[in-house]
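Okay, structure first, notes after.
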Amino acid sequence: MLTVKYKKIGAAVYISHIDIYRAIYRGIRRANLNVAYSRGFNPHAELYLSPPLPLFVYGACEYFTADTDEDADVFFARYAAAAHALLPPVNVFYTVKNPNLAGKIFSADYVFEMRKPDAEHGFLNAREKRSNKQDLSAKRGEQDPADGFDSRNASAKYDKPYASAGPDTRNIMAETVERLLSAEHIPYVNRNGKEKDARPYIYSAAPANNAINAGFAFANIHTADNAIKTDLSFTNISAVNGTVKSGIDSANPRAAAFNKTEFVPAITNTADRAINAGLNAANIYTVSNAIKINIDSVNLRADVVADELKKLSGVPVLAVTKTAQYVKTADGIIDADEYLRSSN
Amino acid sequence: MQSDFSNSSGITHAFSELLKKVEKPGRYTGGEHNLPDMNKKAGVRMCFCFPETYEIGMSNVGLALLYSSVNSREDFVAERCFAPWTDFADAIRERNIPLMSVETKKPLKDFDILGFSVQHELIYTNILYMLDLAGIPFYAKERGEDFPVIIGGGPCSVNPMPYADFFDAVLIGEGETATAEFGELYRKHKNCGAFKKADFLKDAASIRGFFIPSLPKGTPVKKAFVKDFDALLPPLKPLVPNIEIVHDRAVVELYRGCRSGCRFCQAAFFYRPIRERRLETVKKILFSLIDNTGFDEITLASLSTSDYSGLKELMDNVKPVVKARHINLSLPSLRLDSFFAEYTDSSRKSSLTFAPEAGTQRLRDVINKNVSDENITSSITQAFLNGYRNVKLYFMIGLPTETEDDLFGIVEIVKKIRALYREINRRNDLTVTVSTSVFIPKPLTPFQRERMISEDDAAAKQNLLKNALKPFKGVSYRYHAADSSRLECVMARGGGELSAVIETAYKSGCFFDAWGERFNREKWEDAFRICGIDPSVYLAEIPAGKELPWDFIDFSVRKAYLEREREKAYEGETTDGCFKKCNFCGAECAFK
C-alpha cells in the first residue's frame with residue numbers, strides 16, 4: 001500500500017470530501033497508475049482517505065492510501081505530474097497494510113490565522129469599535145478592511161505610530177489563548193442541534209510564533225530626534241515563507257538598504273535588521289496574528305473553535321489550516337508521518 | 001500561512017465569507033483542473049455567460065469548445081459565468097457586488113465581450129437575470145460605449161427574434177470559427193484607438209452568421225457552420241469540474257448533422273451539412289481525453305451514432321484501451337437495429353432507451369421516423385437476448401394527423417414488448433417506462449407551421465394512455481403538465497414583440513423557468529396580458545404564406561424543401577434518409 005501526503009490549497013477548500021475523492025481518483029487515472037479497483041457494476045479505484053477536512057479549512061497534511069504494486073517513487077512522480085493543481089502531493093510512504101488513517105487519527109494541529117492589524121486601529125477596525133458588527137459591503141475603490149492592511153493607502157491616512165494602537169495589538173493573540181485555555185466550558189450547539197462542550201477536546205494552544213505567520217507593522221517611523229520620516233510613513237513587512245519582503249518605497253535610499261529579500265529564520269533577526277537600517281527601535285515590534293491549537297479532530301470541528309476565537313478576541317478568523325495530524329499508539333501520540341514511516 | 005495556501009485567484013476574505021452562506025460554493029470558485037492561464041497577456045477579454053447553473057453549464061459541449069478555442073488564441077482570454085443560484089444572487093445583491101466571472105471574479109461589465117449561450121427557449125429570462133445581477137441594462141440600445149459588446153448564440157439562434165434586442169449581435173449557427181473572426185475584428189477595432197461600437201458592429205455584419213439587430217434587415221443572414229469539422233479539435237485538455245455536475249464525463253463529437261430527416265427534428269436540419277470526423281481524429285481525441293481528464297465515462301456523441309461511417313472499426317480499435325483504463329463508453333442515440341448490442345458495454349445493463357415517437361406505422365410515416373414494426377420487434381428481441389430487463393419508450397402526443405388509434409398503438413407496442421420478454425426469458429419481471437411529451441412545432445422543420453394541441457386535448461390524451469396502460473404490471477407512464485411546453489412553443493415561434501413580455505415576466509419574478517417547480521404560469525399569463533399580446537397566436541397553426549420571424553435567415557436547407565416535406569407528411573409518404581442518395585434539401589453536404 002502506498003500513502004500519499006498532499007496539501008489542500010486554494011479553491012480546493014470549497015470542495016467536499018466526496019468530490020476530493022473524485023479529484024484524487026481522476027488524478028490517478030490520468031497518470032495511468034495501477035491501483036486496485038472495486039468490483040461490480042460501477043468499478044472505481046479503492047482509495048482510503050484520512051478523516052474529512054471540513055469545507056473552508058486548508059490542509060497541509062492530508063493523506064490517501066492506494067492498494068498498488070507500483071514503486072513508491074515512480075507512483076509519486078507520475079501522480080504528481082497528473083495531480084489536480086490544488087491538491088499537490090508532497091510525500092509518499094510505503095506500508096505493508098492499509099494504515100487506516102481514517103480510523104487511527106486522534107488529534108490535529110490547526111493554525112487559525114486572524115485578520116492582520118492595521119496601523120490606525122490595531123486588530124479592531126474603527127467600524128468594529130463602534131458596533132462590533134462586520135460590514136462587508138465594499139464601496140467601489142475602498143479597500144475592504146477585512147482583507148487586511150493595504151500599504152498603498154497608508155502614507156496618506158495613518159499618522160499615529162503603531163505603538164499607540166496599544167498593547168492589545170501586541171498581545172491580543174496571547175490574551176486570546178489565555179482566555180481560551182482558562183475557560184472551563186465552551187458550550188456550542190452542533191449541527192444536529194445538540195448542546196455540546198468543546199473545552200475537553202482542546203488540548204493545547206499558543207500564539208503561532210514562527211517566521212511564516214508573524215507580521216510586522218510600522219507606521220510613521222520616527223528619526224532619532226523624533227521627527228517623522230514621511231517618506232517612510234508606512235511599511236508593512238511580512239515574513240512569507242521565511243523571506244522578508246519590504247513595502248518601502250525604493251526611491252528612498254534608507255529604504256533601499258532594506259529592500260532585499262533574504263531568508264530570515266526568526267522574527268528577532270528581522271527586527272534587528274530593521275534597526276540596522278536606521279529605523280527607531282522604539283517603534284518596532286512583532287505582532288503575531290495566528291494561533292496554533294491542538295484539538296481532538298474526531299470530536300470537534302475546527303470551525304467551532306474559529307467561532308470561539310472570534311468571540312474571545314473580537315478579531316475575525318481569515319483562514320484555518322490543518323498543519324499536522326496525530327495518531328495515538330502504544331508509544332504515545334505521534335505525528336502521522338512518523339506513524340506511516342514506522343508502521344512496517 | 002494563508003498566502004501559502006490560498007493561491008486561488010480572486011477569492012478575497014469577503015468573497016469567502018459570502019461563500020459560506022451558499023449551497024455548493026464550488027459553483028462559484030473556479031480552480032478546476034486544466035484551467036487555462038488567466039494571467040496570459042491579452043488585449044481582449046471575453047466572458048462566456050451560460051444562463052443556467054454551473055452543473056448544467058459545465059455539462060455543455062459547446063461551451064467547452066468555445067472556451068478552449070478562445071483561450072488558445074494569442075492575445076485572448078476567455079472566462080466563464082453561470083447563472084448563480086438564488087442564495088448567491090441574494091447575497092451579492094445585499095452587498096452591492098456585481099455578478100462576476102468564475103476564474104478571476106471580474107465583474108461582467110468590465111469585460112470587452114460577453115457571449116451568451118442560448119440553449120433553449122425557457123432560458124430567456126435567465127439572460128435578463130444575469131444582466132440584472134451584473135448591473136447591465138437589458139436592451140442593446142440602452143448600453144453606451146462603457147458596456148461590453150454582448151452577443152448571443154447557440155441552438156436558439158434558429159429564431160433569435162424574441163431576444164435579439166437584448167444583444168448587440170446574434171451568431172446564427174455554429175459558433176467556433178465565427179467567434180474567432182468576430183474576436184479578431186474586435187481586436188482590430190480596439191487597437192485602432194477610438195473604438196466605436198456602432199462602427200464595429202457594422203463591420204461585424206459582414207462575418208457569415210452574424211445578425212446585428214440594430215441594423216435594418218437586408219440580404220438574408222447566412223447560417224454559420226464549421227466547414228472543416230475534422231480539423232476543428234475540441235479541447236484535448238478540457239476543464240475537469242471540482243464538484244459533481246450533471247454529465248460528469250468527456251464527450252467526443254463524431255459528426256454533425258443527421259441524415260434521417262425526421263420531420264419534427266430541428267437539430268437535424270440546423271446542423272446540416274453532414275460533416276464527419278475521420279476515424280484517426282476521433283481516436284486521437286479519445287485517447288487524449290483519457291490521459292488528460294481522468295473521467296471514467298466517455299460519450300461518443302452525434303444525432304444518430306449508428307450512422308457514423310466508421311463506427312464498427314472505431315469500436316474495434318478503442319474497446320481494448322477503454323477496457324484497460326476502466327472506462328465506460330457511452331453511445332447514446334443508437335438506432336435500434338440489429339447491431340446496437342455490439343456497441344453497448346456488456347457489463348453495464350441499465351435500461352434500453354427507444355424512441356418510436358409514434359404508436360403506429362402510419363403516424364411514424366407521417367413524421368418520417370423510419371422505424372418499422374419489424375425493427376421494433378427485432379431490436380427489442382436482441383436487447384432481451386443480451387440481458388436487458390428495463391425498457392424506456394419515448395413518444396410524442398399531439399403530432400399532426402394523430403388519432404386515438406395512434407395512441408392505442410402505443411399500448412400495442414407495450415403489449416408486444418412484454419410478450420417478447422415473456423417468450424425469451426420466461427419471466428415477468430420486465431419494467432417498461434412509457435414517457436410522452438407534447439409535440440412542439442419548431443422553426444426549421446417541415447412541421448414549423450403546425451399547431452400545438454391545447455391543454456385540454458393534451459390532458460385528454462394523457463388520461464387515455466394512463467387508463468390504457470394501468471392494467472399492465474411493471475409498466476409506468478410518465479408525462480407532465482404542458483404549461484412550460486406551451487411557453488416553449490410561443491418563444492420558439494414568436495417575434496421581436498416578445499422581448500417586452502420576457503422583460504415583464506422577469507421583473508415580476510420569473511427566472512429559472514425550465515426548473516419545473518419554479519415555472520410560474522400565472523406570472524407569465526399576466527406578462528402577456530400587460531404587453532397586450534395573445535400567446536395563443538403562436539400556438540395555433542401558422543397559415544401558409546404568413547411570414548415567419550426566422551425567414552430572414554438562410555439556413556442552406558431550402559424553404560421549398562421543408563414545405564414539400566410537410567405535404568408528403570399529409571400524404572403519408574416517407575422520405576428516405578440521405579444515406580445512399582441526396583434528397584437535395586439545399587445543405588449541399590460533400591457528396592461523393
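Quick test of your reading of the structure: A:Lys292 fulfils all but one of (1) touching a residue at least 12 places away in the same chain (Cβ under 8 Å); (2) more than 17 Å from A:Pro200 (Cα to Cα); (3) out of contact with any His (no Cβ under 6 Å at 6 or more places or on another chain). Name the failing condition by number.
Unmet for A:Lys292, out of (1) touching a residue at least 12 places away in the same chain (Cβ under 8 Å); (2) more than 17 Å from A:Pro200 (Cα to Cα); (3) out of contact with any His (no Cβ under 6 Å at 6 or more places or on another chain): (2).
Taking region A:43-64 on its own, how many of its residues are hydroxyl-bearing (Ser, Thr, Tyr) and open to solvent by less than 10 Å² (accessible area, probe 1.4 Å)?
Within region A:43-64, residues that are hydroxyl-bearing (Ser, Thr, Tyr) and open to solvent by less than 10 Å² (accessible area, probe 1.4 Å) number 2.
Going through region B:1-27 one residue at a time, which ones are open to solvent by 40 Å² or more (accessible area, probe 1.4 Å), more than 8 Å from chain A (Cβ to nearest Cβ) and at pLDDT 90 or above?
If the condition is that a residue be open to solvent by 40 Å² or more (accessible area, probe 1.4 Å), more than 8 Å from chain A (Cβ to nearest Cβ) and at pLDDT 90 or above, then B:Lys21, B:Glu23, B:Lys24 are the ones that fit.
Have a look at B:Asp165, B:Asp228 and point out the one that is open to solvent by 40 Å² or more (accessible area, probe 1.4 Å) and assigned to a helix (DSSP H, G or I).
Matching residue, one of B:Asp165, B:Asp228: B:Asp165.
Can you find a residue that is in a helix (DSSP H, G or I), within 22 Å of B:Ile453 (Cβ to Cβ), of a type outside the set (Phe, Trp, Tyr) and under 26 Å from the mean Cα position of the chain (by Cα) anywhere in region B:503-516?
Checking region B:503-516: at least one residue is in a helix (DSSP H, G or I), within 22 Å of B:Ile453 (Cβ to Cβ), of a type outside the set (Phe, Trp, Tyr) and under 26 Å from the mean Cα position of the chain (by Cα).
Quick one: in region B:7-51, of everything that is free of Cβ contacts under 8 Å to residues at least 60 places away in the same chain and among the basic types (Lys, Arg), which residue is nearest to B:Asn191 (Cα to Cα)?
B:Lys41
Residue under question is B:Asp406, and the condition is that it be without any contact (Cβ under 8 Å) to a residue 60 or more places away in the chain and open to solvent by 40 Å² or more (accessible area, probe 1.4 Å); does it hold?
no
Identify the residue in region B:277-301 that is closer than 28 Å to B:Gly173 by Cβ and touching a Gly at 6+ places or on another chain (Cβ under 8 Å) and, among all such residues, is farthest from the other protein chains (Cβ to nearest Cβ).
B:Arg278
Would you check which residues across region A:312-325 are over 21 Å from B:Phe15 (Cα atoms) and more than 14 Å from the chain's Cα centre (by Cα) and list them?
Of everything in region A:312-325, those that are over 21 Å from B:Phe15 (Cα atoms) and more than 14 Å from the chain's Cα centre (by Cα) turn out to be A:Leu312, A:Ser313, A:Gln325.
For region A:24-34, which residues satisfy the criterion of being more than 10 Å from every other protein chain (Cβ to nearest Cβ) and surrounded by fewer than 18 Cβ atoms within 10 Å (Cβ to Cβ)?
Within region A:24-34, A:Asn34 is the sole residue that qualifies.
Filter region A:35-44 for residues that are in a strand (DSSP E or B) and at the interface with another protein chain (Cβ under 8 Å from one of its Cβ atoms) and give the result.
Across region A:35-44, the qualifying residue is only A:Tyr37.
Tell me which of these B:Glu525 doesn't satisfy, since it passes every other one: (1) open to solvent by 30 Å² or more (accessible area, probe 1.4 Å); (2) in contact (Cβ under 8 Å) with a residue 24 or more places away in the chain; (3) not β-branched (Val, Ile, Thr).
(2)
Suppose we filter A:Tyr37, A:Tyr14, A:Tyr21 for residues that are among the hydroxyl-bearing types (Ser, Thr, Tyr), open to solvent by 20 Å² or more (accessible area, probe 1.4 Å) and modelled with pLDDT under 95; which single one remains?
Only one candidate qualifies: A:Tyr37.
Out of region B:98-109, which residues are crowded, with 21+ Cβ neighbours inside 10 Å, of a type outside the set (D, E, K, R) and in a loop (DSSP other than H, G, I, E, B)?
B:Leu99, B:Ser101, B:Val102 - these are the residues of region B:98-109 that are crowded, with 21+ Cβ neighbours inside 10 Å, of a type outside the set (D, E, K, R) and in a loop (DSSP other than H, G, I, E, B).
Return only the number of the condition from (1) modelled with pLDDT of 95 or more; (2) open to solvent by less than 20 Å² (accessible area, probe 1.4 Å) that B:Ser485 does not satisfy.
Against the list (1) modelled with pLDDT of 95 or more; (2) open to solvent by less than 20 Å² (accessible area, probe 1.4 Å), B:Ser485 comes up short only on (1).
Would you confirm whether any residue within region B:110-120 is among the hydroxyl-bearing types (Ser, Thr, Tyr), away from chain A (no Cβ under 14 Å) and buried (at least 18 other Cβ atoms within 10 Å of the Cβ)?
Scanning region B:110-120, I find at least one residue that is among the hydroxyl-bearing types (Ser, Thr, Tyr), away from chain A (no Cβ under 14 Å) and buried (at least 18 other Cβ atoms within 10 Å of the Cβ), so the answer is yes.
I'd like the residue in region B:384-393 that is within 13 Å of B:Arg418 (Cβ to Cβ) and buried (at least 18 other Cβ atoms within 10 Å of the Cβ) and, out of all such residues, is farthest from the chain's Cα centre (by Cα).
Ranking the candidates gives B:Phe384 first.
Of the residues A:Leu55, A:Leu47, only one is among the hydrophobic types (A, V, I, L, M, F, W, C) and more than 8 Å from chain B (Cβ to nearest Cβ); which?
After applying the criteria, what remains is A:Leu47.
List, please: which pairs have Cβ atoms under 7 Å, are six or more places apart or on different chains, and start with a residue in region B:52-76 that is free of Cβ contacts under 8 Å to residues at least 12 places away in the same chain and end with one that is crowded, with 18+ Cβ neighbours inside 10 Å?
none
Going through region B:46-97 one residue at a time, which ones are within 14 Å of chain A (Cβ to nearest Cβ), more than 15 Å from the chain's Cα centre (by Cα), open to solvent by 10 Å² or more (accessible area, probe 1.4 Å) and not hydrophobic (A, V, I, L, M, F, W, C)?
B:Asp90, B:Arg93, B:Glu94, B:Arg95, B:Asn96
Report yes if some residue within region A:94-109 is open to solvent by 30 Å² or more (accessible area, probe 1.4 Å) and within 12 Å of another protein chain (Cβ to nearest Cβ); otherwise report no.
Within region A:94-109, none of the residues are open to solvent by 30 Å² or more (accessible area, probe 1.4 Å) and within 12 Å of another protein chain (Cβ to nearest Cβ).
Among the residues of region B:209-240 satisfying the criterion of being within 14 Å of chain A (Cβ to nearest Cβ) and within 20 Å of the chain's Cα centre (by Cα), which is farthest from A:Asp19 (Cα to Cα)?
B:Pro238
Say we look at region A:292-324 and pick out the residues that are in a strand (DSSP E or B) and within 11 Å of another protein chain (Cβ to nearest Cβ); which of these is nearest to A:Leu181 (Cα to Cα)?
The selected residue is A:Lys292.
Residues in region B:457-467: is at least one open to solvent by 40 Å² or more (accessible area, probe 1.4 Å) and closer than 23 Å to B:Leu122 by Cβ?
Among the residues of region B:457-467, at least one is open to solvent by 40 Å² or more (accessible area, probe 1.4 Å) and closer than 23 Å to B:Leu122 by Cβ, which makes the answer yes.
I'm checking my understanding of the structure. Among residues of region A:68-91 that are crowded, with 16+ Cβ neighbours inside 10 Å and more than 12 Å from chain B (Cβ to nearest Cβ), which one is nearest to the chain's Cα centre (by Cα)?
Top of the filtered list is A:Pro89.
Residue by residue through region A:6-23, note down the ones that are more than 7 Å from chain B (Cβ to nearest Cβ) and more than 18 Å from the chain's Cα centre (by Cα).
Correct list: A:Ser16, A:His17, A:Ile18, A:Ile20, A:Tyr21, A:Arg22.
I'm told B:Pro535 meets every condition in (1) surrounded by 13 or more Cβ atoms within 10 Å (Cβ to Cβ); (2) over 19 Å from B:Ile440 (Cβ atoms); (3) not acidic (Asp, Glu) except one. Can you identify the failing condition by its number?
Status for B:Pro535: all satisfied but (2).
The values are calculated or read from the model by the stated rules, or taken from the named source; none is laboratory data. Quick caveat: nothing in here was measured; it's all calculated off a predicted structure. Neighbour counts run over all protein chains shown; Cβ positions are idealised from the backbone, glycine included. Only protein heavy atoms, including side chains, enter the accessible area calculation; ligands, DNA and RNA are left aside. Shrake-Rupley method; radii C 1.70, N 1.55, O 1.52, S 1.80 Å.
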